[in-house]
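Comments concern the structure below.
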Amino acid sequence: MCWHRSSRFDWMVRLGHPIHTVLVDSLHLTEGQTLLDLGCGQGGTLRCAVDQVPEISVIGLDLSRPALDRAMKLLSDADARFDCVDLSQPLPLLDGTIDRIVCHNVLECLADPEALLSEAARILAPGGRAVWSHVDFGGIIVNASDESANRTVLATYADLAQPWMNGNVDGLMGRKLPGLVRQSPFQIDAVRIHTSAAVESEADALERLDEIVMALTSSPDCGLTPSFVAAWRSDIDELAASGRFFFMEPTILVTAVP
């Protein structure tokens with residue numbers, strides 16, 4: 001299993017997704033630093049970081065061994081270490097040894113996200129920087145002809161606890177993220193909203209729509225029939241064909257310091 005909701009069928013947002021660059025830019029990396037990715041998946045963010053600043057060390061922790069195997073291959077040319085770790089447990093790292101921390105789309109999957117924040121604060125070095133990031137799944141916007149069906153589909157998806165999430169789900173974690181960080185040992189440095197918007201049914205928007213359909217139609221507990229979900233998707237495709245497609249997905253990023 002892997003922590004990330006955003007890639008239910010591919011372990012993480014695709015390599016080259018814009019969010020990786022947004023996360024890395026927010027870290028303010030410099031040579032010689034050590035970057036830790038909590039829930040690294042296939043290593044897309046770490047790959048982006050090493051591409052920007054090659055002279056860094058990176059550590060990736062994740063619950064999925066297959067994802068870590070892919071990350072190791074992706075960063076075989078880097079000073080990289082990967083460990084299979086349950087992020088609901090204490091982190092296997094010494095106090096004050098990490099310069100930069102990044103964590104994307106993980107906290108909603110934990111029964112006690114505050115514990116991970118506390119552990120991250122423990123291992124962050126003085127003068128360090130952490131970037132906590134989460135899609136607000138309840139804030140996804142899609143243009144549809146049948147707004148009642150549209151709201152039902154999107155709300156059901158946001159609230160859906162998928163099998164690999166261990167029963168933990170919070171589709172509103174994005175908007176709750178600043179409050180969680182404020183109540184942790186961290187101090188908030190900045191809050192930023194990154195929006196992924198599209199007026200064509202392609203690329204990131206298409207991947208999210210496909211993922212919504214697959215997640216809902218493969219879940220026996222979502223309460224929606226496959227035909228209901230298929231009709232919703234057909235409506236969106238028809239709007240796209242007539243030039244009326246619109247999709248927006250908000251990601252909230254909180255930059256924090258000790």
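The values are calculated or read from the model by the stated rules, or taken from the named source; none is laboratory data. Note that the coordinates shown come from a computational prediction; the quantities given were computed from them, not determined experimentally. Methodologically, a virtual Cβ is constructed for each residue, glycine included, from the backbone with ideal geometry; neighbour enumeration extends over all protein chains shown. Surface accessibility is based on the protein's heavy atoms, side chains included, excluding ligands, DNA and RNA. Shrake-Rupley method; radii C 1.70, N 1.55, O 1.52, S 1.80 Å.
Here are some notes:
- A161 vs. criteria within 20 Å of E108 (Cα to Cα), small (G, A, S), under 20 Å from the mean Cα position of the chain (by Cα) and open to solvent by 40 Å² or more (accessible area, probe 1.4 Å): yes
- Looking across the range 38-56, the residues that are buried (at least 20 other Cβ atoms within 10 Å of the Cβ) and not in a helix (DSSP H, G or I) come down to L38, G39, C40, G41, Q42, G43, I56.
- Here S145 does not qualify as touching a residue at least 12 places away in the same chain (Cβ under 8 Å), crowded, with 19+ Cβ neighbours inside 10 Å and among the hydroxyl-bearing types (S, T, Y).
- Sole exception among (1) closer than 28 Å to L206 by Cβ; (2) at pLDDT 95 or above for S57, by number: (1)
- When the range 57-78 is filtered for residues that are among the aliphatic types (A, V, I, L, M), open to solvent by less than 10 Å² (accessible area, probe 1.4 Å) and either over 24 Å from L107 (Cβ atoms) or part of a loop (DSSP other than H, G, I, E, B) (or both), only L75 remains.
Residues checked against (1) farther than 20 Å from G139 by Cα; (2) touching a residue at least 12 places away in the same chain (Cβ under 8 Å):
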residue	(1), (2)
L209	no, yes
A215	no, yes
P220	yes, no
S227	yes, no
S234	yes, no
D237	yes, yes
M248	no, yes
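- Test: residue in the range 231-247 that is surrounded by 17 or more Cβ atoms within 10 Å (Cβ to Cβ), of a type outside the set (F, W, Y) and not in a helix (DSSP H, G or I): no
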